[in-house]
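Participant: This is the structure I want to talk about, given as structure tokens.
Here, each number is a calculation from the coordinates, and none is a lab measurement. Nothing here was measured: the structure is a model prediction, and the numbers come from that model. No Cβ is skipped: glycine too gets one built from the backbone with ideal geometry, and neighbour counts run over all protein chains shown.
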Amino acid sequence: MKFQVITLFPQMIEATISEGVIGQARNKSLVQIDCINPREFAIDNHKTVDDRPFGGGDGMVMMAEPLQKALREAIEQSSKDPWIVYLTPQGAPLDQKKVKELAQNENLVLVCGRYGGIDQRVLNQFIDEEISLGDYVLSGGELAASVVIDSVSRQLPGVLGHQDSANSDSFSEKLQGLLEAPSFTRPREWMGEAAPEVLLSGNHSKIEKWKSQVSWLVTLLKRPDLALDKKLSRKEYLELQKFWQGLGPSEKEVLGLLALTDADLELLKNDDLSL
Ligand code: ADE
């Protein structure tokens, strides 16, 4: 997959994509990431790319012309019609569903704004979609573009070492929108807390079942909105209730579930569950 980032600060992108999983994916040519700087297309000696907003207001606005030229270059360098995204707090919130959708593209162009935004006419002419990281304002789109590149690249075949890793991420299909169960590694006991015994049992089906129950409980505690959005069958609810009641205080502690209450669990009972 090819990403092209339209940015006045290519070093900000470089700094975040040259290490770790994404750096390796790049070295293996699983992803290609190029930056195109609108400043290179400025026509005056000062390489001006921004100007004062018509009608007044704070901040400078990125001018249409250098951006247009940078975008045309990106389109020319794409093998297929690229999907062009503008990173802005006004966009649709980025979530795992959107990440998966974006990963279907062969060519993705990410446009980073700076200053007081970019001339609306560029958006009208070129942008397919606006995406936001969340309801807060960053100094520019670069951090958001890096987040998109990282989260989308993880979905591509071969990028993650273990075939299954993206499948067991929080929000993955396997977890059906739930959060991942906590992880543990050696030593077995640390600062008086013992890793859950079942994880050392070697019984994979038992471990999977356990992880799925813990996922429900963790999600209910940390993101009740996600858990309550889903439906448990009567059988599943009763199983989860039994699992919860069977957890001892030290297990609850090591799983970070001490704050979860019986009343929280009751919330998972939905109207169709005549118990
Ligand atoms: N640019 C500035 N703030 C942003 C945000 N919250 N998400 C995406 N791009 C942005």
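Participant: How long, wide and thick is region 196-275, going by the Cα atoms along their three principal axes, in whole angstroms, largest first?
Facilitator: Here the Cα extents, ordered largest to smallest, are 38, 26, 20 Å.
Participant: Could you go through region 7-16 in sequence order and give the Karplus-derived ³J(HN,Hα) for each residue, using 6.51 cos²θ - 1.76 cosθ + 1.60 with θ = phi - 60°, rounded to whole Hz, and x for Gly and Pro?
Facilitator: Result, rounded to whole Hz: 8, 7, 10, x, 5, 5, 6, 3, 4, 9.
Participant: Past the 27 Å Cα-Cα mark, which pairs from Lys222/Lys269; Lys47/Lys98; Lys28/Lys206; Lys98/Lys206; Lys28/Lys211; Lys98/Lys222? Write down the numbers at each step before the final one.
Facilitator: On the way: Lys222/Lys269 18 Å; Lys47/Lys98 36 Å; Lys28/Lys206 36 Å; Lys98/Lys206 32 Å; Lys28/Lys211 33 Å; Lys98/Lys222 22 Å.
Where the Cα-Cα span goes over 27 Å, the pairs concerned are Lys47/Lys98; Lys28/Lys206; Lys98/Lys206; Lys28/Lys211.
Participant: Note the per residue figure in Å³ for the convex hull of the C-alpha positions in region 1-143.
Facilitator: 121
Participant: Mean shadow of the chain, computed from the convex hull of its alpha carbons, in nm²?
Facilitator: 19.6
Participant: At Asp44 and Lys252, where each label point lies 7 Å from the Cα along Cα→Cβ, what is the point-to-point distance in nanometres?
Facilitator: The modelled label-to-label distance comes out at 6.7 nm.
Participant: Between Asp34 and Ile207, what is the spin-label point distance in nm, taking each point 7 Å from the Cα along the Cα→C-beta axis?
Facilitator: According to this spin-label approximation, the distance is 4.4 nm.
Participant: Give, in nm to one decimal, the length gained when the segment between Gln104 and Glu193 is fully stretched (0.36 nm per residue of separation minus the Cα-Cα distance). Provide the component values of the computation, followed by the final result.
Facilitator: Values: separation 89, 0.36 × 89 = 32.04 nm, distance 4.29 nm.
Using 0.36 nm per residue and subtracting the Cα-Cα distance, I get 27.7 nm.
Participant: Between Asn27 and Ser183, what length comes free when the chain is fully extended (0.36 nm per residue of separation minus the Cα-Cα distance, one decimal in nm)?
Facilitator: 53.3 nm
Participant: With only alpha-carbon atoms in the gyration tensor, what are the semi-axes of the equivalent ellipsoid for region 66-221, in Å, largest first?
Facilitator: Calculated on Cα positions only, the semi-axes equal 40, 17, 13 Å.
Participant: For Arg72 and Asn167, what does the FRET efficiency come to when R0 = 51 Å and r is the distance between their Cβ atoms, rounded to the nearest 0.05?
Facilitator: The calculated FRET efficiency here is 0.85.
Participant: Once phi is turned into θ = phi - 60°, what whole-Hz ³J(HN,Hα) does the Karplus curve with 6.51, -1.76 and 1.60 give for every residue of region 88-105, x standing for Gly and Pro?
Facilitator: Each residue's phi maps through the Karplus curve to give 7, x, 7, x, 6, x, 6, 9, 5, 5, 5, 4, 5, 4, 5, 5, 6, 7 Hz.
Participant: Grab the Cα-Cα distance for Glu130 and Ser79, subtract it from 0.36 nm times how many residues apart they are, and report the gain in nm with one decimal.
Facilitator: 16.1 nm
Participant: Further, regarding this structure: Which of Leu8, Leu265, Leu258 has the fewest other C-beta atoms within 10 Å, and how do the rest follow up to the most?
Facilitator: Ordered from fewest to most neighbouring Cβ atoms within 10 Å, Leu8, Leu265, Leu258 come out as Leu258, Leu265, Leu8.
Participant: Ratio of alpha-carbon Rg to the 2.2 N^0.38 Å globular estimate for region 1-74, to two decimals, please. Walk me through the intermediate numbers first.
Facilitator: Working: Rg = 15.4 Å, N = 74, 2.2 N^0.38 = 11.3 Å.
This ratio for region 1-74 stands at 1.36.
Participant: If I model a spin label as a point 7 Å beyond the Cα along the Cα-Cβ vector, how far apart are those points for Arg121 and Lys269 in nm?
Facilitator: That separation, rounded to one decimal, is 6.3 nm.
Participant: In terms of modelled amide H atoms, which long-range or inter-chain residues lie less than 5 Å from the amide H of Gln32?
Facilitator: Lys2, Phe3
Participant: Moving to a separate point now. Could you check what % of the DSSP bridge pairs in the chain are antiparallel, to the nearest 5?
Facilitator: Beta bridges within the chain, antiparallel portion: roughly 15 percent.
Participant: Which ³J(HN,Hα) values in Hz, rounded to whole numbers, follow from the phi angles of region 232-249 under the Karplus curve 6.51 cos²θ - 1.76 cosθ + 1.60, where θ = phi - 60° and Gly and Pro get x?
Facilitator: Working through the residues one at a time gives 9, 6, 4, 5, 5, 4, 5, 5, 5, 4, 5, 4, 4, 5, x, 7, x, x Hz.
Participant: DSSP loop (so not H, G, I, E, B), at most 14 other Cβ within 10 Å: list which GluC sites (Glu not before Pro) in region 1-102 pass both filters.
Facilitator: In loop regions of region 1-102 (DSSP not H, G, I, E or B), the sparsely surrounded GluC sites (Glu not before Pro) are Glu19.
Participant: How large, in Å, is region 140-272 by the Kirkwood hydrodynamic radius built from its alpha-carbon pairs?
Facilitator: One over the average 1/r among Cα pairs gives 16.7 Å for region 140-272.
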